[in-house]
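Step one of this worksheet: look at the structure below.
The values are calculated or read from the model by the stated rules, or taken from the named source; none is laboratory data. What you see is a predicted model, and the numbers here were worked out from it, not measured in a lab. Cβ sites come from the backbone with ideal geometry, for glycine too, and all protein chains shown count toward neighbours.
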Amino acid sequence: MRKLKGFIAIATTVLIAACQQTVPAESESLSADIAVINANVVRVGESNTPILSQRAVLISDDKIKQVVPMAAVQQLPESTRIIDANDGYLLAGFTEMHGHVPPATDFGQFPKRYADDMLFLYLANGVTTVRGMLGYPHQLQLKQDIAEGKRMGPTLYLAGPSFNGNTIESVEQATQRVIEHRSQGWDLLKIHPGLSLSEYQALAATARAEAMDFAGHVPADVGLEVAMTEGQRTIDHLDGYLEYVDAINRPITDDELQRLVQLTIEHQIAVVPTQALWATLIGAEDPQQLATYPELDLVPQVVREGWLNYYQQPSMGYFNTEHAATQQANRQRLLKALYEGGAEIIFGTDAPQLFSVPGYSIHHEINKMQQAGIPLKDIYASATVAAGDYFAEDEFGKISAGHRADFMLLKNNPLVSADALKEPQGVMVRGTWLARQDIDAKLAEIRAAYR
């Protein structure tokens, strides 16, 4: 009985504390520019309470001001815009941690509107932040325009032009280019294959001195362990992992998996797996199935044709039909081992790339991560909370007071099925509401432009 009384006392204290945090005092007035009411707030990676039912999310400017029970919402100012969630579910906006942002000007065969269209496709699927992983001219202006509200798009963090074997020819050049990228305003450095060990180490030392992240691939002459030791912020595509244990063309062993997990944990490295895209690149997917993706009509015809012809003329150097299935199985086992070992996993899809359409690619990536054995709630956390933690200087990734007003409204519970994420009822991006009918109208316009 004494234990039971103690338990009741503790539970009561916790309940009172929770109420004090979520229900404003009577003297505290509620005000907001926008109020999303009658909502179920989904929380992943931050609480043992996965859903807060019957909540109102109050937004001022581009920030979430409060999340309160509906019972606490008595009367809001007449100027407040009310959005009724109708008992739908709010999930924090996704971050695409390995995305590509086209240049904001005419570029090769792409039409001038291409950049704006691709940015909208991210938003249409609830992707409200993108870490762009290959810099182009005018991208920094694009980022500024979005931040200032001059054009619509996700919040951007941008890597500069690639560091690779063709762009860097000496240690001195690597050092100087890091300094140039820092002064030009790029957020991080993009690592591609081809760098020598000395060039990479010079880049890394200068990046650390300049407080600049570097991320992406692991050059062959560098290797996984050196990249980790030098402080590469993320290793994308699980690049260098299977090479480290020479398990490209044979099944990986449990001991090798544990070595890779321990190395990752020891160096506190985050990985951005991009499993769906990589399965496509190496030839582990069925081309006929890929060709049926309905979102393909949302990219220009020249892009579609290039993707559809890939399996006739694979040109990226990853294609290997003989060992593709083995390599993909190893990648899936590795992802599961990293997850179970507690490694930091941050969501990314590498769109737009081969059959990876911005925004729509999240559904294929979620499917691959589920097949690897990762629960939905943790997949969502990798795309929201984990990304917000990565960009610690900003506040986003949660539906919480003080965070950027980035979330999607879903009709059904996304913790039950990831299908709930398809065709959101609306998307909030930095306090701007995109209703379903507005999203559909814009998508119809894009389809018409790319017929």
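Assorted remarks:
- Odd one out for residue 373, checked against (1) modelled with pLDDT of 95 or more; (2) closer than 27 Å to residue 252 by Cα; (3) out of contact with any Lys or Arg (no Cβ under 7 Å at 6 or more places or on another chain); (4) of a type outside the set (A, V, I, L, M, F, W, C): (3)
- Of the helices (runs of 4 or more DSSP H) contained entirely in the stretch 280-341, those carrying at least 1 residues that are of a type outside the set (Val, Ile, Thr), out of contact with any Cys (no Cβ under 9 Å at 6 or more places or on another chain) and closer than 26 Å to residue 252 by Cβ fall at 287-290, 324-340.
- The residue list 101, 67, 41, 57 contains one member that is of a type in the set (Val, Ile, Thr), part of a loop (DSSP other than H, G, I, E, B), touching a strand residue (DSSP E or B) at 6+ places or on another chain (Cβ under 8 Å) and crowded, with 20+ Cβ neighbours inside 10 Å, which is 101.
- Matching residues, the stretch 208-231, being touching a Lys or Arg at 6+ places or on another chain (Cβ under 6 Å) and among the acidic types (Asp, Glu): 210, 213
- Residue in the stretch 146-157 that is in contact with a Gly (Cβ under 6 Å, 6 or more places away or on another chain), modelled with pLDDT of 95 or more and in a helix (DSSP H, G or I) present: yes
- If you go through the stretch 181-208 and pick out every residue that is of a type in the set (D, E, K, R) and more than 21 Å from residue 100 (Cα to Cα), you end up with 2.
- Residue within the stretch 105-127 that is in contact with a His (Cβ under 9 Å, 6 or more places away or on another chain) and under 16 Å from residue 186 (Cβ atoms) present: no
- Residue 435 in contact with a strand residue (DSSP E or B) (Cβ under 7 Å, 6 or more places away or on another chain), of a type outside the set (D, E, K, R) and free of Cβ contacts under 8 Å to residues at least 40 places away in the same chain: yes
- The one condition in (1) surrounded by fewer than 21 Cβ atoms within 10 Å (Cβ to Cβ); (2) farther than 23 Å from residue 323 by Cα; (3) not acidic (Asp, Glu) that residue 202 fails to fulfil: (1)
- Residues that are part of a helix (DSSP H, G or I), touching a helix residue (DSSP H, G or I) at 6+ places or on another chain (Cβ under 9 Å) and crowded, with 24+ Cβ neighbours inside 10 Å within the stretch 380-431 comprise 380, 382, 383, listed in sequence order.
- Residues of the stretch 64-102 satisfying the condition of being closer than 28 Å to residue 421 by Cα and either acidic (Asp, Glu) or in contact with a His (Cβ under 7 Å, 6 or more places away or on another chain) (or both): 64, 84, 87, 96
- Here residue 180 meets the list (1) in contact with a helix residue (DSSP H, G or I) (Cβ under 7 Å, 6 or more places away or on another chain); (2) of a type in the set (Asp, Glu); (3) under 27 Å from residue 142 (Cβ atoms) almost entirely, failing just condition (1).
- Every listed requirement among (1) closer than 28 Å to residue 61 by Cα; (2) part of a loop (DSSP other than H, G, I, E, B) is met by residue 439 save one, (2).
- The stretch 383-410, residues that are hydroxyl-bearing (Ser, Thr, Tyr) and farther than 17 Å from residue 32 by Cα: 384, 390
- Positions within the stretch 230-263 being among the β-branched types (Val, Ile, Thr) and either under 27 Å from residue 202 (Cβ atoms) or outside any helix (DSSP H, G or I) (or both), in sequence order: 234, 235, 245, 248, 252, 253
- Selection status of residue 255, within 20 Å of the chain's Cα centre (by Cα) and either surrounded by fewer than 18 Cβ atoms within 10 Å (Cβ to Cβ) or acidic (Asp, Glu) (or both): no
- Residue pairs meeting the criteria (Cβ under 7 Å; at least 6 apart or on separate chains; first closer than 25 Å to residue 188 by Cα, in the stretch 233-252; second of a type in the set (Val, Ile, Thr) and in a loop (DSSP other than H, G, I, E, B)): 234/346; 235/218; 235/269; 236/274; 237/274; 239/218; 240/218
- Scanning the stretch 145-166 for residues that are under 23 Å from residue 439 (Cα atoms) and surrounded by fewer than 18 Cβ atoms within 10 Å (Cβ to Cβ) yields 145, 147, 148, 149, 150, 151, 152.
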